[in-house]
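Undergrad: Quick one: structure below, then a few questions.
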Amino acid sequence: MRKKIVAGNWKMNKNFDEAMALASEVKNMVNTEVTNNTIVVLCVPFPFLYPVGKLLEGSRVALGAQNAHEKEAGAYTGEVSAGMLKSVGATYVILGHSERREYFKETNTQLAEKINLAIKHGFTPIFCCGESLDQRNQNIHISFVKSQLDESLFHLSESDFKKIVIAYEPIWAIGTGVTATTEQAQEMHNEIRQHIASRYGTSVASEISILYGGSCKPDNAKELFACPDVDGGLIGGASLKARDFVDIIKSF
Ligand code: 13P
């Protein structure tokens, strides 16, 4: 059985007090309301990792970061390394989010380095992929997403590849209120799984969790999570409200 995962990506939102209050609310609601075995992750901004991690200690909510640098250490002013993130308690890290690719020009090659270092430090990387609306309209969305996997992940050994969680996030669905239809999500998730199978075999492919992200909300999570190849969600906007986020977790 593949792991079911719901991860919140807070992006660049909340101040310290708000972050602590939200994390505390999520922890308590998950503790009292969630009866399924979904893995829950909160990917919070760097300054909140340590205190939120302390707050989550002993709970079933895991701690994640939203990015990590591709180098081990050194003169990279303003950057944060995988080793640093590990030392403050993060166990998951989002890599290759489309916002990082767009605004910070992260490339597939650079992401391959980030993935290597994250794995070296024992993280579960949540690797994001996904096409633009233009690419979908040109009908090159599937080959584009496959090339993202080829160039950033397919150098990994089988044992390292098995540590990866994939998040399919169509760029046109992020923060837009437009969600992929269940057909669109299932089609791409299945393509991703087939592509993994072509490289690592069907047994590995069947073990990899593939999350959907992009305007996932309490009212559409149930039908998305019911798709055979959708193993959970990477949640942006709706993860900023504890009620909505926990209702999404309960959609399984
Ligand atoms: P929204 O849920 O706000 O569309 O964001 C999705 C996302 O980018 C999660 O990483």
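The values are calculated or read from the model by the stated rules, or taken from the named source; none is laboratory data. Note that the structure is a prediction, hence the values are computed from the model and not measured. Ideal geometry is used to build each Cβ from the backbone, glycine not excepted, and the neighbour counts take in all protein chains shown. The area values use the complete protein model at the heavy-atom level, side chains included, leaving out ligands, DNA and RNA. Shrake-Rupley method; radii C 1.70, N 1.55, O 1.52, S 1.80 Å.
Undergrad: For a quick check of your reading of the model, give me the residue pairs whose first member lies in region 204-219 and is within 14 Å of Glu169 (Cβ to Cβ), whose second is within 15 Å of the ligand (Cβ to nearest atom) and in a helix (DSSP H, G or I), with beta-carbon atoms closer than 6 Å and at least 6 apart or on different chains.
TA: Qualifying pairs under 6 Å: Tyr212/Ala185; Tyr212/Leu224; Gly214/Ala173; Ser215/Ala173.
Undergrad: Got a number for residues in region 88-144 being crowded, with 19+ Cβ neighbours inside 10 Å, within 15 Å of the ligand (Cβ to nearest atom), in a loop (DSSP other than H, G, I, E, B) and in contact (Cβ under 8 Å) with a residue 12 or more places away in the chain?
TA: 4
Undergrad: Within region 196-219, take every residue that is within 14 Å of the ligand (Cβ to nearest atom) and either of a type in the set (D, E, K, R) or open to solvent by 20 Å² or more (accessible area, probe 1.4 Å) (or both) and give me the one that is farthest from the chain's Cα centre (by Cα).
TA: Looking at the filtered set, the residue picked out is Asp219.
Undergrad: May I pose another question? Within region 49-57, can one find any residue that is part of a loop (DSSP other than H, G, I, E, B), charged (D, E, K, R) and within 16 Å of the ligand (Cβ to nearest atom)? Steps first, please.
TA: So in region 49-57, the residues part of a loop (DSSP other than H, G, I, E, B) come out as 57.
Checking the rest, the ones that are also charged (D, E, K, R) come to 57.
Still in the running and within 16 Å of the ligand (Cβ to nearest atom): none.
Scanning region 49-57, I find no residue that is part of a loop (DSSP other than H, G, I, E, B), charged (D, E, K, R) and within 16 Å of the ligand (Cβ to nearest atom), so the answer is no.
Undergrad: Restricting the search to region 15-26, which residues are open to solvent by 50 Å² or more (accessible area, probe 1.4 Å) and either at pLDDT below 95 or in a helix (DSSP H, G or I) (or both)? Spell out the reasoning first.
TA: Our first condition is that a residue be open to solvent by 50 Å² or more (accessible area, probe 1.4 Å); within region 15-26, this holds for 15-18, 21, 25.
Within region 15-26, Phe16, Asp17, Glu18, Ala21, Glu25 qualify.
Undergrad: On to the next question. Which one of these is touching a residue at least 40 places away in the same chain (Cβ under 8 Å) and away from the ligand (no atom under 16 Å from the Cβ): Thr38, Thr32, Thr77?
TA: Values: Thr32 fails: touching a residue at least 40 places away in the same chain (Cβ under 8 Å); Thr77 fails: touching a residue at least 40 places away in the same chain (Cβ under 8 Å).
Residue meeting the stated conditions: Thr38.
Undergrad: Sort through Met12, Met84 and tell me the only one that's open to solvent by 80 Å² or more (accessible area, probe 1.4 Å) and within 16 Å of the ligand (Cβ to nearest atom). Give the steps one after another, and end with the answer.
TA: Details: Met84 fails: within 16 Å of the ligand (Cβ to nearest atom).
Checking each option against the conditions leaves just Met12.
Undergrad: I'd like to check something: does region 243-250 contain any residue that is of a type outside the set (A, V, I, L, M), open to solvent by 30 Å² or more (accessible area, probe 1.4 Å), in a loop (DSSP other than H, G, I, E, B) and touching a strand residue (DSSP E or B) at 6+ places or on another chain (Cβ under 9 Å)? Give the steps one after another, and end with the answer.
TA: Taking region 243-250 and keeping what is of a type outside the set (A, V, I, L, M), we get 243-245, 247, 250.
Still in the running and open to solvent by 30 Å² or more (accessible area, probe 1.4 Å): 243-244, 247, 250.
Subset that is in a loop (DSSP other than H, G, I, E, B): 250.
Filter once more, keeping what is touching a strand residue (DSSP E or B) at 6+ places or on another chain (Cβ under 9 Å): none.
For region 243-250, residues of a type outside the set (A, V, I, L, M), open to solvent by 30 Å² or more (accessible area, probe 1.4 Å), in a loop (DSSP other than H, G, I, E, B) and touching a strand residue (DSSP E or B) at 6+ places or on another chain (Cβ under 9 Å): absent.
Undergrad: Which count do you get for residues in region 151-162 that are within 15 Å of Gly201 (Cα to Cα) and either in contact with a Ser or Thr (Cβ under 7 Å, 6 or more places away or on another chain) or surrounded by 14 or more Cβ atoms within 10 Å (Cβ to Cβ) (or both)? Step through it out loud before you land on a result.
TA: Going through region 151-162, the residues within 15 Å of Gly201 (Cα to Cα) turn out to be 153-162.
With the extra rule that they be either in contact with a Ser or Thr (Cβ under 7 Å, 6 or more places away or on another chain) or surrounded by 14 or more Cβ atoms within 10 Å (Cβ to Cβ) (or both), the set shrinks to 153-154, 156, 160-161.
Total meeting the criteria: 5.
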